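The values are calculated or read from the model by the stated rules, or taken from the named source; none is laboratory data. Remember, it's a predicted structure, so these values are computed and weren't measured experimentally. Quick reminder, even Gly has a Cβ in these numbers, built from the backbone with ideal geometry, and neighbours come from all protein chains shown.
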Amino acid sequence: MELACAIEQTSEEVRRLRTIMESRESLIPRFVESSPQIRTYSDMIDSIISPRHGPLEHNLYMMGYFDQITLDKLLPIARYVRIISPSKALENRINRDALNRMSRAGAQVRTHPMLHARIFCVPDRQVLIVGSGDLQTDCFGGRRFDAGVWSNYPELIKSAVDFFNRVWEESEHIPEASV
């Protein structure tokens, strides 16, 4: 009888905590998009890396294509940035130049031939965006339709960083000739 009562109390406490967590808007994932009409994807990323929102002094993890659209904002914080781009990014002069400039500024930059994932994550600020968008002009400028999910859920952020680190271990440094 005592055990049944303890189980019931624990179960009730779990339901109460779940209700509290689900009612907290901050833990509810949000849909973000980039399109000719709406640019919540780029607005969200811009708000995180923009100097007007305070200095970013935490690790920033990015997976995907990357060009000059955010370069000026990321160069001052390059030492906190880790980027994995698809190996094909080096075939495009604009992508290659942006990756090289970040690398020279102190960012850790690698490529992987099998990379298709698009992740933008700043764990210490509890920010994760997973979706189709890249940090590229086409996405930020609304020239194409991209979509993603923004979350600050700690377990999801941890899983994304773990995934990033696994891919990082298998990725390659940018060839010296490219830099």
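Put simply, of Arg39, Arg15 the only residue that is modelled with pLDDT of 85 or more and either in contact with a Cys (Cβ under 7 Å, 6 or more places away or on another chain) or farther than 21 Å from Trp168 by Cα (or both) is Arg39. Just checking, how many residues over segment 125-141 are touching a residue at least 40 places away in the same chain (Cβ under 8 Å), crowded, with 20+ Cβ neighbours inside 10 Å and not acidic (Asp, Glu)? Within segment 125-141, residues that are touching a residue at least 40 places away in the same chain (Cβ under 8 Å), crowded, with 20+ Cβ neighbours inside 10 Å and not acidic (Asp, Glu) number 7. Of the conditions (1) under 15 Å from the mean Cα position of the chain (by Cα); (2) of a type in the set (D, E, K, R); (3) part of a helix (DSSP H, G or I), Arg96 satisfies every one except a single condition; which number is it? Of everything listed in (1) under 15 Å from the mean Cα position of the chain (by Cα); (2) of a type in the set (D, E, K, R); (3) part of a helix (DSSP H, G or I), Arg96 misses just condition (1). Scanning segment 112-171 for residues that are assigned to a loop (DSSP other than H, G, I, E, B) and aromatic (Phe, Trp, Tyr), we see that the one that is modelled with the highest pLDDT is Phe145.
Note on segment 105-124: among residues that are small (Gly, Ala, Ser) and more than 14 Å from the chain's Cα centre (by Cα), the one that is surrounded by the fewest Cβ atoms within 10 Å (Cβ to Cβ) is Gly106. Taking segment 138-161 as the range and being of a type in the set (Gly, Ala, Ser) and closer than 22 Å to Phe66 by Cβ as the test, the residues that pass are Gly141, Gly142, Ala147, Gly148, Ser151, Ala160.
Regarding Ser151, is this residue in contact (Cβ under 8 Å) with a residue 40 or more places away in the chain, within 23 Å of Ile28 (Cα to Cα) and crowded, with 16+ Cβ neighbours inside 10 Å?
Here the answer is yes, as Ser151 does meet what is asked.
Can you name the residue in segment 42-68 that is over 16 Å from the mean Cα position of the chain (by Cα) and touching a residue at least 24 places away in the same chain (Cβ under 8 Å) and, of all such residues, is nearest to Ile174 (Cα to Cα)? Break it down into steps so the answer makes sense when it comes.
Here is the first cut: in segment 42-68, the ones over 16 Å from the mean Cα position of the chain (by Cα) are 51-55, 68.
So of that shortlist, the ones also touching a residue at least 24 places away in the same chain (Cβ under 8 Å) come out as 51, 68.
Working: Pro51: 28, Gln68: 17 Å.
If we take residues in segment 42-68 being over 16 Å from the mean Cα position of the chain (by Cα) and touching a residue at least 24 places away in the same chain (Cβ under 8 Å), then Gln68 is nearest to Ile174 (Cα to Cα).
All conditions but one from (1) within 20 Å of Val130 (Cα to Cα); (2) touching a Gly at 6+ places or on another chain (Cβ under 9 Å) apply to Arg79; the one that does not is (1).
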